[in-house]
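Presented below is the structure to which this report refers.
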Amino acid sequence: ESGERKAKVEKMFGFMDAFLKNDSFSLQKDILDHVEYTVARSRFIFDDFEAYQGLSYSVRDRLIERWHDTHRYFKKKDPKRLYFLSLEFLMGRSLSNSVINLGIRDQYADALNQLGFEFEVVAEQEGDAALGNGGLARLCACQMDSLATLDYPAWGYGLRYQYGLFRQIILDGFQLEEPDYWLNFGNPWEIERVHVSYPVKFYGTVEEEGIQGQTIKVWIPGETVEAVAYDNPIPGYGTRNAINLRLWAAKPSDQYDMESYNTGDYINAIMDRQKAETISNVLYPDDRSYQVALQINDTHPSLAIAEVMRVLVDEEHLDWSRAWDITSRVFSFTTHTVHAEALEKIPVDLLGNLLPRHLQIIYEINYKFMEELKSMIGQDYDRLSRMSIVEEGAVKSIRMANLSIVCCQIVNGVSKVHLDLLKERVFKDFYELWPQKFQYKTNGVTQRRWVVVSNPNLSSLISKWLGTESWIRNVDLLAGLRQHVSDPDLQREWKMVKKVNKARLAEYIETLSGIKVSLDAMFDVQIKRIHEYKRQLLNILGIIHRYDCIKNMETSDRRKVVPRVCIIGGKAAPGYDIAKKIIKLCHVVAEKINNDADIGDLLKLVFIPDYNVSVAELVIPGSDLSQHLSTAGHEASGTGSMKFLMNGCLLLATADGAIVEIMEEVGADNMFLFGAKVNEVPALHEKGASLKAPLQFLRVVRMVRDGYFGFKDYFKSLCDTLEDGKDFYLLGYDFASYLEAQAAADRTFVDPEKWIHMSILSTAGSGKFSSDKTIEEYAKHTWGIEPCKCPF
Ligand code: 6GP
């Protein structure tokens, strides 16, 4: 940049704040301007949705301003950057989160009020951005919030899917899937960058060419698509920094390009130029290379490794070892599963056809790795074949996890238990070879979205008692609640907040299902993807048991029953038959219980359809108890538990994933724990059919099997999974201790003071599970990046 231009830019910086004003009068004018000129509705007549649009565009303006300043500053300082690659980002809604992070929620609420609208109602107009499935995808949404808040120079990269995760419709108790065409109503949060686009090549052949006495590989693609960038500014809280989530949309190349691609040299000239520019955006093949860190979120983006090698070797003409040195230094990998069968494999035929050059590169990486390994471990062919990136077999495949481990200097697990499982089971061979590669970073969730946005009453209460709002950035301060835990005033106010949140949830339930629930009942919640290992079935069988007990009680004893509202929500993968049966079972059991006059308010069961981020924001603050029932050794971490914990909900859980660390923070006596431990499970599996389930369990399973709830034939295969010897997830084995934990929860609930005490301690002990902590750990120990705070 010329000195003159630089000076001009510096001067402009000084005026930045003069651009957009944040007093409620200016905001009001901005909203109206956008309604009139962007949305093109009359500023005199517009509805809630149009108000949402006008409001969002005005927020977006402010985001863009900060986004520009931040990137300008990053450019000036040129710090080491992080590129966070993930195929899934589950962002949910943006409006409330943005205005809170920008620190102008109240001003906006005022502005809207004066226009005759209510902020909460307008915010409800927004749909969810659901570009992901579950845990892993929501985790990186939380991490983006932390990266921005902690001023790290980071970029998120992902895909802008036209269809988000399917919408779950329940018809007669069965799950149906409907497409989520989430862009139908426009998306004010993204900025289309038509000029930021790259050709992405597929198919074709790889040819050899001699250049200056060197043979190089040239990939002649068969097809090219255009990737166009859509930028989504992510504002930090309490900082001017706003970072970028760049999502790529695939578009067909236009005719001009298609023709040129088929006509010889000219193409390569253009391609080379474009590719060179690509590199200059991301990675330099000199020492500056170490100025970047590339994080791959599970194996899904791991082809990026082969792509970086391809660019360095084929296009930048680096020799292999130099390219390898750079690649293996910049990439790091986090795995999010303990299930060996969930590790991605790509059939060689498919990959060779789609990306022929990448397959060659992977083969070359594997060849070199196998040679190295042989020199270290000798001719142990079993071990060599287990560790090979290429799996020989009926379908020859590429093991993406092996590729990622071989190429990355650091492999992260997501909880302490998860790391142990990676070492002992999932990646044992690799751990023995490279113990120093393996680390873990305890997952976390952002307190901005999960408390400040979704539970404003609790948030104000916490700030009041801590005497500061600083916990929103410095989450360690939450521990300060401990000193007030016995204060009757805090207890009373805490209880009040919960009651208000329960009332809001009860209203939602009534609108959804017509079921009126009592606010005095314990709201007992399990919301997450439906999966056998997460054991929603255990929950439902427990509910049947409770129902059965109440039915068989003397009427006088019923007075002692602690009333419960059991709430279950979650989506089953469309092809996951057993999970879909679990949803249906929940509905037939609910039908029976909710319509049984004997039962009344003592027990209700509600299935909340279409569980997503914004449903979670409503349900979590209104829950008393939450359930995390995974068979020990199956949940890598689990982040739902952390959201409940922060909101002061008590946890009923197995000692699995993150729960083990939560126990360390809040104390096992402030939770309801049950079930086999991680290290006991393998021995239990070995017992097979000799492991007998207790009678209470057999009884409830029999009720389902015999058609007590109808659909006898349909539930047969579900009941079969619970037979002795087939009960892989150990529902029968854990049933008795599950019921005991439930009974302990009941006993505690009738002692409100005790319950509130535990609830306050849960929030107070949740600091460790903020994604701010996780990100700081990654920054220090994996990525080697430093904060870069925009001063304006
Ligand atoms: C999930 C894990 O199942 C969950 O335990 C963890 O909390 C979350 O990732 C974040 O780390 N895994 C996935 O969503 C997934 O797709 C391949 O794993």
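Every read-out reported here was derived from the displayed coordinates using simple, explicitly stated rules and does not represent laboratory data. None of these values were measured; they are calculated from a predicted model. Cβ placement follows ideal geometry from the backbone for every residue including glycine, while neighbour counts extend to all protein chains displayed.
Look at the Cα gyration tensor of the stretch 499-593: its axes a ≥ b ≥ c give a/c of at least 1.5 with a/b at or below b/c, and that counts as oblate. Whole-Hz Karplus values for the stretch 98-114 come out as 5, 5, 5, 5, 6, x, 10, 5, 5, 4, 5, 4, 4, 4, 5, 3, 5 Hz, taken residue by residue from phi with 6.51 cos²θ - 1.76 cosθ + 1.60 and θ = phi - 60°; glycine and proline positions read x.
Each label point was placed 7 Å from the Cα along the Cα-to-Cβ direction; for Leu20 and Phe44 their separation is 2.9 nm.
Model label points for Asn113 and His484, set 7 angstrom from Cα along the Cα-to-Cβ axis, are 2.4 nm apart. Only helical runs count toward this figure. For the chain, summing -39,500 (n - 2.57) over DSSP H runs of n ≥ 4 and dividing by all residues gives -14000 deg cm²/dmol at 222 nm. Computed over the chain, relative contact order equals 14 percent, with contacts defined as Cα pairs under 8 Å that lie 6+ residues apart. How would you classify the chain from its alpha-carbon gyration tensor, with a ≥ b ≥ c the square roots of the eigenvalues: rounded for a/c under 1.5, else prolate if a/b is greater than b/c, otherwise oblate? Judged from the Cα gyration tensor, the chain comes out oblate (a/c at least 1.5, b/c at or above a/b). Phi angles across the stretch 354-363 convert, under the Karplus curve 6.51 cos²θ - 1.76 cosθ + 1.60 with θ = phi - 60°, into 3J(HN,Hα) values of 6, 9, x, 5, 5, 5, 4, 5, 5, 4 Hz, Gly and Pro given as x.
Close amide H pairs (under 5 Å, H built 1.01 Å from N) link Gly156 with Phe84, Asn244, Leu245, Arg246, residues at least 5 positions away or on another chain. Residues whose amide H comes within less than 5 Å of that of Ser626, counting only those at least five positions distant or on another chain, are Val525, Leu650, Leu651, Leu652 (H built at 1.01 Å from N in the peptide plane). Across the stretch 76-81, computed HN-Hα scalar couplings (Karplus, 6.51 cos²θ - 1.76 cosθ + 1.60, θ = phi - 60°) run 5, 7, 6, x, 4, 10 Hz from first to last residue, x flagging Gly and Pro. If the limit is 22 Å between Cα atoms, which of Lys592/Lys712; Lys499/Lys768; Lys437/Lys780; Lys368/Lys396 go over it? Correct reply: Lys499/Lys768. Output the relative contact order of the stretch 463-769, whole-number percent, from Cα pairs under 8 angstrom with separation of 6+ residues. Over the stretch 463-769, the number comes to 23 percent. Amide H to amide H distances under 5 Å link Val218 with Glu207, Glu208, Glu209, where only residues 5 or more positions off or on other chains count and H is placed in the peptide plane. Name the shape class, rounded, prolate or oblate, that the alpha-carbon gyration tensor gives for the stretch 463-769, where a ≥ b ≥ c are the square roots of its eigenvalues, rounded holds for a/c under 1.5, and otherwise prolate holds if a/b is larger than b/c and oblate otherwise. Prolate, since a/c reaches 1.5 and a/b exceeds b/c.
Here Lys423 is the anchor, and the aspartates and glutamates within straight C-alpha reach of less than 13 Å, apart from those fewer than 8 places off in the same chain, are Glu432.
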